[in-house]
Amino acid sequence: MAASAAARTIIENCAIATVDANDTEYASGYVVVAGNRIESVGAGKAPDGLDNVVRRIDGTGHLVTPGLVNTHHHFYQWLTRGMATDHNLFNWLVALYPTWARIDEPMVKVAAQGSLAMMARGGVTTAMDHHYVFPKGSGDLSGAVIGAASDMGVRFTLARGSMDRSEKDGGLPPDFAVETLEGALAATEETVRKHHDASFDAMTQVAVAPCSPFSVSTELMKQGAQLARRLGVRLHTHGSETVEEEQFCKELFGMGPTDYFESTGWLGSDVWMAHCVHMNDSNIAAFARTGTGVAHCPSSNARLAAGIARVPDMLKAGVPVGLGVDGTASNESGELHTELRNALLINRLGAHREAALNARQALRLGTYGGAQVLGRADQIGSLEAGKLADLVMWKVDGLGHSTIADPVTAIVFGAAAPVTLSLVNGKPVVEDNHLVTADEDAIARDARAEAQRLARIVAQG
């Protein structure tokens, strides 16, 4: 639709952080949305004479930013929050895999609804889900997740995961919780062909995503990378999350995780890895050289005592870095906007101390950095003319923020800011801190019922 014929929404009198290449900001400015695109952004009032204006919003007391981009999550874990709360990663996985192996389509659907609702209400406009547990006879789990995202109106990437290294092969998952090599590859290809949209304004994309070195065979890693590149989609997995993983890789493969990934074709500008906590200088240089991205998950890393990722060093080297919620069994809040603050605070506990990250760097991680990691930086992640209209209005004149003069500092350092408006593809998903595309109370009731059903199935053996 031509911009002149598209319905326009005008937001004005607001502070704006565009997160463009120059970090352009306006103390009082406007954003004009035409259809599903940003038409213009600037200081002062919106231009006069614009036709077909269907909505004009006074943004006084608000900061407008690009929508947040989540780069790592496991939606199904919404049903297993609050379990194994004092475990490291390997013990936590061993404790929870037997429960996760009992999930089915109704459980996954409502878990996806809960995960998406929590993120969307907190300013996430692009979500992703790394789903890798496919019990036999459990139904169309990928379809359930994609359908939930579509209904919510959130832009979405499904990382179609897989596992084929079970306990009998020296892996962590139970034998009944994994797929065969051939089955995993075939199902992944089917999911890509059925659901992936490569267009500029795509609402659904699919990545190839074997789970991790300790749950996936080397052959699945190699053939998964080949499959992704043949189909022209991105690659995602977990990497360098814990010291135990480093030891596991050295014992099994005779090399550390980064060298192992490179040997299997898993470094490149079409790849992003979750966590990357235990990276030495050589590893970081390899990621920078190849353009491999990182999904930084500070709260989950802390919850599982994994360590502090070297985010300042990655950024300095030129590694693309975004933020991730991770699954809610290791980050019970399920929110990404709190990760802006946690990324900054946790990284200041590392070697760089107070110089590690500042508020604007944290905001960039959660917006443009995430868009880079998902391969969509030319479409989303900053407020610029021609980009997709995914944006958030944060209320910063209320009790939690009114005495913080700088609005970017307010939303990063302050309490979680209320979302007055969130647009995805130019359409409202949140208004006045509530979802307009879903019933939050109904999702909460349904999720509780499915969590209880899962617990009963596990208890019955």
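FYI, it's all coordinate maths here, none of it is from the lab. Values in this document were obtained by computation on a predicted structure and should not be read as measured data. As a convention, Cβ positions derive from the backbone with ideal geometry for all residues, glycine included, and neighbour counts pool all protein chains shown.
Assorted remarks:
- Length available on full extension from residue 360 to residue 194: 0.36 nm per residue minus the Cα-Cα distance, which gives 55.9 nm.
- Where both bridge residues fall in region 68-373, DSSP classifies roughly 0% of the beta bridges as antiparallel.
- Helices in the chain, meaning DSSP H runs of at least 4 residues, each add -39500 (n - 2.57). Divided by all residues, the mean residue ellipticity at 222 nm is -10500 deg cm²/dmol.
- In summary, the convex hull built on the alpha carbon positions of region 318-456 has an orientation-averaged projected area of 11.1 nm².
- Stretch gain in nm, segment residue 91-residue 201, where the contour uses 0.36 nm per residue and the Cα spacing is subtracted: 35.5 nm
- Total charge dipole magnitude, region 2-50, about the Cα centre, Cβ charges on Lys, Arg, Asp, Glu only, Debye to nearest 20: 200 debye
- Potential extension, residue 305-residue 444 segment - 0.36 nm per residue separation minus Cα distance: 47.1 nm
- Each Cα pair of region 195-348 feeds into the Kirkwood radius, which the Stokes-Einstein equation turns, at 37 °C and 0.692 mPa s, into a diffusion coefficient of 206 µm²/s.
- Angstrom value of the Kirkwood radius, inverse mean 1/r, which spans all Cα pairs in region 68-373: 18.8 Å
- Between residue 243 and residue 150, the FRET efficiency estimated from the beta carbon spacing at R0 = 35 angstrom works out to 0.30.
- Placing +1 on each Lys and Arg Cβ and -1 on each Asp and Glu Cβ, with no other charges, gives the chain a dipole about its Cα centre of roughly 160 debye.
- 3J(HN,Hα) from dihedral phi, region 32-44, Karplus parametrisation 6.51/-1.76/1.60, rounded to Hz, x for glycine, proline: 10, 9, 10, x, 9, 10, 7, 8, 7, 9, x, 8, x
- For the peptides 202-208, 404-410, 443-449, residues were scored by their other Cβ atoms within 10 Å and the scores averaged per peptide; the highest-first order is 202-208, 404-410, 443-449.
- 11 Å cut-off, amide nitrogen to a point 7 angstrom out along residue 348 Cα→Cβ, residues in region 366-383: none
- Amide H contacts under 5 Å for residue 159, placed H, 5+ residues apart: 129, 130, 131, 207
- Those trypsin sites (Lys or Arg not before Pro) in region 4-91 that DSSP places in a loop and that have at most 16 other beta carbons within 10 Å: 45
- Two-decimal ratio, region 282-367, of alpha-carbon radius of gyration to 2.2 N^0.38 Å: 1.03
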